[in-house]
Amino acid sequence: MRDFGREERVGAEIHRELALLLRNEVRDPRLNQVTIQEVRVVRDMSHARVFFTLMDRDQAKDVEQALKKAAAFLRRRLSDLMNLRSMPQLHFEYDASLETGARLESLINKAIASDNKDENE
């Protein structure tokens with residue numbers, strides 16, 4: 001069984017605290033729909049990649065810009081909440097993996113339906 005490394009534990013804590021900050025403290029209405037999917041912290045704890053999703057894919061660029069604008073505020077608030085020597089720089093990226101998974105599932109279902117149709121004929 002693999003133990004979680006420190007960067008994974010810090011990433012999980014940032015994930016929890018960041019989700020709460022976005023829900024409770026950020027006043028930008030564009031960020032109300034953001035769901036934090038994952039936070040990956042590099043080994044030296046200097047940077048953290050924050051992957052987020054939205055219900056409306058069309059707003060991804062606009063929301064990503066809003067998150068980048070709010071990054072300094074969020075980093076400062078995280079450093080107040082967490083007991084770390086230095087808080088990683090936050091880098092926000094839209095996570096399209098859910099959309100990709102749904103698209104692939106749709107293609108697989110179409111292929112299966114096509115195979116079943118060919119077998120029945």
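Taken together, the values in this text are just the output of simple stated rules run on the coordinates, not laboratory data. Given the structure is predicted, the values throughout are model-derived calculations rather than measurements. Cβ atoms come from the backbone with ideal geometry, glycine included; neighbour counts cover every protein chain shown.
Mind listing P(r) for segment 6-96? All alpha-carbon pairs, 5 Å bins, whole percents.
That works out to 3, 15, 28, 27, 16, 8, 2, 0, in percent per bin.
How much of the DSSP bridge set in the chain is antiparallel, in percent, rounded to the nearest 5?
The answer is about 50 percent antiparallel.
Along the Cα-to-C-beta direction of Gln59, a point sits 7 Å from the Cα; which residues of segment 26-43 have their amide N less than 15 Å from that point?
26-36
Using a 10 Å cut-off on Cβ atoms, rank the peptides 78-86, 14-22 from the highest mean neighbour count down.
Answer by packing, highest mean first, reads 14-22, 78-86.
Would you mind ranking Val26, Val42, Val34 so that the residue whose beta carbon has the fewest other beta carbons within 10 Å leads the list?
Starting with the residue having the fewest Cβ neighbours, the order is Val42, Val26, Val34.
As an exercise, use a Förster radius of 22 Å and the Cβ-Cβ distance of Glu25 and Lys69 to find the FRET efficiency, rounded to the nearest 0.05.
0.90
For Lys69, list the lysines whose Cα falls under 16 Å from its own Cα; do not include residues on the same chain fewer than 8 positions away.
Within the straight-line cut-off, Lys69 pairs with Lys61.
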